[in-house]
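Chemist: Sharing a structure with you now.
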Amino acid sequence: MTSPAILVENVTVHYGEVRALDSAALTLDPARICGLVGMNGSGKSTLFKVIMGMIRPDAGTVRINGQSPSRARKEGGIGYVPQSEDVDWQFPLSVRDVVMMGRYGHQGFTRRASKADRAAVDEALDRVELGPYAGRQIGQLSGGQKKRAFVARGIAQGATTMLLDEPFAGVDKRSEATITRLLRELASDGCTILVSTHDLHALPQLCDEAVLLMHKVLMHGPPDVVLQPENLAMAFGLDVLERDQPDSKVSGTRTLDGKRVNH
Amino acid sequence: MEILLEPLGYDFMVRALVTTALAAVVCAVLSCWLVLIGWSLMGDAVSHAVLPGVVLAYIVGAPFALGALVFALIAVTLIGVVRNTSRVKEDAAIGIVFSSLFALGLVLISVTPSQTDLNHIIFGNLLGVSVPDLIQVLVLGVVAFVILILKRRDLTLYAFDPTHAHAIGLSPQRLGALLLGLLALTSVVALQTVGVVLVVAMLIIPGATAYLLTDRFSRMLVIAPVISAVCSLAGIYLSYYLDTASGAMVVLTQGVVFAVVYLFSPRQGLIGTRLAKARRRKAAALATA
């Protein structure tokens with residue numbers, strides 16, 4: 001029996017008095033795409049940090065492909081695509097420089113790039129269709145291209161597990177479709193992908209399964225079941241899709257935060 | 001030519017020039033990371049906080065660098081403790097810790113005999129650099145420089161995306177500590193030239209100037225030290241002919257060059273961007289007319 005790609009067992013995390021995760025449990029099989037849905041403050045980022053081993057849980061265990069997070073990190077298996085607001089877009093690096101950072105785990109003491117490293121970076125850039133933009137400063141890309149640059153970093157790294165934090169924030173419809181297609185391709189190549197989001201409309205096309213998180217895992221199943229309005233209502237106490245208001249004059253969808261997103 | 005060669009007739013001027021050039025280069029390289037991480041205030045703090053360490057090292061006859069490193073560590077630890085265990089925010093924690101340690105250094109100087117020597121630490125004593133001073137600066141400067149250059153890619157990764165550094169199995173904490181340690185070493189190097197009070201200028205201005213000139217970090221690492229070295233040497237020559245304070249003149253020159261770049265840099269400069277905006281507006285007006 002192969003071990004699950006991501007195994008989170010009864011993980012509890014406190015920040016001082018505040019309980020961020022409460023016996024959260026999640027099992028994700030290899031080559032699946034899972035959408036992690038929850039409000040801000042529901043523990044999504046904490047769960048990411050626990051999976052990456054940045055926070056040691058107060059209780060519970062985490063396994064990545066049967067290994068401890070630190071072992072999995074050393075082997076370069078974990079790729080991470082940060083939230084846009086966590087990135088300094090003015091930083092003087094080119095797209096190629098950023099993607100090359102995915103190779104550092106494969107390189108020696110001074111991280112000198114070998115021919116193989118350069119080939120891996122070129123291939124990753126082609127794969128996300130950013131080849132022509134390789135020389136641009138990273139801030140000079142569009143919202144969707146920025147995301148793809150970081151996905152390329154994970155590809156160049158050879159990550160078998162990828163964590164994406166809000167990949168569709170600040171991304172237009174077309175780029176969203178491109179990213180979705182790209183992630184589906186990666187999954188069919190065997191990459192396990194966990195996507196954190198509080199934006200619901202993109203999930204059914206992207207994900208094989210979805211998880212509702214509110215300090216603990218409330219529900220885990222196929223996206224169309226998990227995202228049923230009654231489930232969301234049960235979990236969050238509000239009708240996120242506003243299906244009962246067909247005459248609503250305002251176009252757009254509400255996210256779980258109640259923010260209105262126009263498309 | 002005569003103007004450039006005349007000062008070189010004096011040994012103390014030669015030593016001053018070598019020390020300054022070296023300190024300028026090492027500080028400038030380090031400054032590239034400091035300005036991008038947003039550690040300018042930390043540079044200020046560490047460079048001031050090493051003072052008591054240097055004085056104590058002088059009293060017991062230990063190498064300055066050792067005392068400086070110990071107190072840099074103490075300063076950083078105290079800042080972290082105050083920030084994490086009270087409601088005081090980081091900038092306040094930095095201000096409290098470094099000014100207190102700096103004051104401790106001043107008190108130690110005031111009770112230590114042979115005051116003249118130690119006062120030079122505060123304002124620098126470029127023209128009084130002795131041969132042993134020069135050797136110490138050379139050794140520390142070269143060590144700091146070599147480590148910075150060898151580990152430049154890891155340090156840049158740490159500055160840009162510490163989470164990714166962690167995800168691929170590197171330790172952001174260790175990289176941060178390395179950078180702080182190098183900051184302490186570099187502070188000692190720069191003490192000789194411009195003194196504790198003005199070290200921070202050499203640790204910030206060159207990196208900030210280079211940042212306005214390029215979109216590539218690898219180029220910043222060349223532009224910053226070149227600008228810094230040229231400014232420093234120019235500053236010393238100016239101070240020789242104008243008979244002004246040498247350390248202050250070095251910093252003043254760097255500041256003037258920053259101002260020029262800030263105004264005239266082709267892509268980031270105030271005037272360049274204004275002109276480009278005006279041009280675009282004019283083109284748009286023509287297009288609609």
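The values are calculated or read from the model by the stated rules, or taken from the named source; none is laboratory data. Quantities reported herein were computed from a predicted structural model and do not represent experimental measurements. Here the Cβ is made from the backbone with ideal geometry for all residues, glycine too, and neighbour counts use every protein chain on show.
Chemist: With respect to the numbered conditions (1) hydroxyl-bearing (S, T, Y); (2) within 13 Å of another protein chain (Cβ to nearest Cβ); (3) buried (at least 19 other Cβ atoms within 10 Å of the Cβ); (4) more than 21 Å from A:C191 (Cβ to Cβ), which one is the sole condition not fulfilled by A:S42?
Modeler: Only one criterion in (1) hydroxyl-bearing (S, T, Y); (2) within 13 Å of another protein chain (Cβ to nearest Cβ); (3) buried (at least 19 other Cβ atoms within 10 Å of the Cβ); (4) more than 21 Å from A:C191 (Cβ to Cβ) is unmet by A:S42, namely (2).
Chemist: Could you look through the stretch B:120-155, keep only residues that are among the small types (G, A, S) and over 18 Å from the mean Cα position of the chain (by Cα), and pick out the one that is surrounded by the most Cβ atoms within 10 Å (Cβ to Cβ)? If you could, list the steps in order and put the result at the bottom.
Modeler: Residues of the stretch B:120-155 among the small types (G, A, S): B:124, B:128, B:130, B:141, B:144.
From the residues that got through so far, the ones that are over 18 Å from the mean Cα position of the chain (by Cα) too are B:128, B:130.
Numbers: B:G128: 15, B:S130: 12.
Only one residue fits best here, namely B:G128.
Chemist: Among the residues of the stretch B:25-61, which ones are surrounded by fewer than 21 Cβ atoms within 10 Å (Cβ to Cβ) and within 14 Å of chain A (Cβ to nearest Cβ)?
Modeler: Those that are surrounded by fewer than 21 Cβ atoms within 10 Å (Cβ to Cβ) and within 14 Å of chain A (Cβ to nearest Cβ): B:I37, B:G38.
Chemist: Okay, moving on. Got at least one residue in the stretch A:45-56 being hydroxyl-bearing (S, T, Y), closer than 27 Å to A:P204 by Cα and in the same structural domain as A:D208 (by TED's automatic domain parsing)? Working first, answer last.
Modeler: Just the residues of the stretch A:45-56 that are hydroxyl-bearing (S, T, Y), to begin with: A:45-46.
Still in the running and closer than 27 Å to A:P204 by Cα: A:45-46.
Checking which are in the same structural domain as A:D208 (by TED's automatic domain parsing) leaves us with A:45-46.
Looking through the stretch A:45-56, at least one residue is hydroxyl-bearing (S, T, Y), closer than 27 Å to A:P204 by Cα and in the same structural domain as A:D208 (by TED's automatic domain parsing).
Chemist: A further question follows. State which residue is nearest to the other protein chains (Cβ to nearest Cβ) when the search covers only the stretch B:137-184 and only residues that are among the hydroxyl-bearing types (S, T, Y) and out of contact with any strand residue (DSSP E or B) (no Cβ under 9 Å at 6 or more places or on another chain). Working first, answer last.
Modeler: Taking the stretch B:137-184 and keeping what is among the hydroxyl-bearing types (S, T, Y), we get B:156, B:158, B:163, B:171.
Now narrow it down to the ones that are out of contact with any strand residue (DSSP E or B) (no Cβ under 9 Å at 6 or more places or on another chain): B:156, B:158, B:171.
Numbers: B:T156: 7, B:Y158: 11, B:S171: 10 Å.
For the stretch B:137-184, the residue satisfying everything is B:T156.
Chemist: Please determine whether any residue of the stretch A:103-125 is away from chain B (no Cβ under 12 Å), without any contact (Cβ under 8 Å) to a residue 60 or more places away in the chain and within 20 Å of the chain's Cα centre (by Cα).
Modeler: Yes: one or more hits.
Chemist: Which residues, taken from the stretch A:75-96, are farther than 30 Å from A:N40 by Cα and either more than 25 Å from the chain's Cα centre (by Cα) or within 7 Å of another protein chain (Cβ to nearest Cβ) (or both)? Reasoning before the result, please.
Modeler: Here is the first cut: in the stretch A:75-96, the ones farther than 30 Å from A:N40 by Cα are A:75, A:92-94, A:96.
Within the stretch A:75-96, A:P92, A:L93, A:S94 meet the criteria.
Chemist: Counting only residues that are small (G, A, S), give me the helices (runs of 4 or more DSSP H) lying completely in the stretch A:54-147 with at least 1 of them.
Modeler: A:69-74, A:115-127
Chemist: Filter the stretch B:156-171 for residues that are polar (S, T, N, Q), surrounded by fewer than 22 Cβ atoms within 10 Å (Cβ to Cβ) and in a helix (DSSP H, G or I) and give the result. Show your work before the answer.
Modeler: Initial filter on the stretch B:156-171 (polar (S, T, N, Q)): B:156, B:163, B:171.
Keeping just the survivors that are surrounded by fewer than 22 Cβ atoms within 10 Å (Cβ to Cβ) gives B:163, B:171.
If the condition is that a residue be polar (S, T, N, Q), surrounded by fewer than 22 Cβ atoms within 10 Å (Cβ to Cβ) and in a helix (DSSP H, G or I), then B:T163 is the only one that fits.
Chemist: Additional query: What are the pairs with Cβ atoms under 9 angstrom where one residue, in the stretch A:74-98, is over 19 Å from A:A113 (Cα atoms) and the other, located anywhere, is among the aliphatic types (A, V, I, L, M) and surrounded by fewer than 17 Cβ atoms within 10 Å (Cβ to Cβ)? Sequence gap at least six, or different chains.
Modeler: Cβ pairs passing all conditions: A:Q83/A:A169; A:S84/A:A169; A:E85/A:A169.
Chemist: For the stretch B:62-87, how many residues are among the hydrophobic types (A, V, I, L, M, F, W, C), surrounded by fewer than 17 Cβ atoms within 10 Å (Cβ to Cβ) and part of a helix (DSSP H, G or I)? Working first, answer last.
Modeler: So the first thing to find is which residues in the stretch B:62-87 are among the hydrophobic types (A, V, I, L, M, F, W, C), and the list is B:62, B:64-66, B:68-76, B:78-79, B:81-82.
With surrounded by fewer than 17 Cβ atoms within 10 Å (Cβ to Cβ) added as a condition, the list becomes B:62, B:66, B:74, B:81.
Filter once more, keeping what is part of a helix (DSSP H, G or I): B:66, B:74, B:81.
Residues in the stretch B:62-87 being among the hydrophobic types (A, V, I, L, M, F, W, C), surrounded by fewer than 17 Cβ atoms within 10 Å (Cβ to Cβ) and part of a helix (DSSP H, G or I): 3 in total.
Chemist: Among helices (runs of 4 or more DSSP H) lying entirely in the stretch B:172-289, which contain 3 or more residues that are crowded, with 19+ Cβ neighbours inside 10 Å and touching a residue at least 40 places away in the same chain (Cβ under 8 Å)?
Modeler: The qualifying helices (runs of 4 or more DSSP H) are B:172-211, B:217-242, B:246-264.
Chemist: Taking the stated definitions as given, is B:V25 closer than 30 Å to B:T209 by Cα and touching a Leu at 6+ places or on another chain (Cβ under 6 Å)?
Modeler: Details: closer than 30 Å to B:T209 by Cα: yes; touching a Leu at 6+ places or on another chain (Cβ under 6 Å): no.
No: the conditions fail for B:V25.
Chemist: Something else about it: Kindly establish whether A:G35 is within 10 Å of chain B (Cβ to nearest Cβ) and in contact with a Ser or Thr (Cβ under 8 Å, 6 or more places away or on another chain). Walk me through it before giving the result.
Modeler: Details: within 10 Å of chain B (Cβ to nearest Cβ): no; in contact with a Ser or Thr (Cβ under 8 Å, 6 or more places away or on another chain): yes.
Answer is no for this residue.
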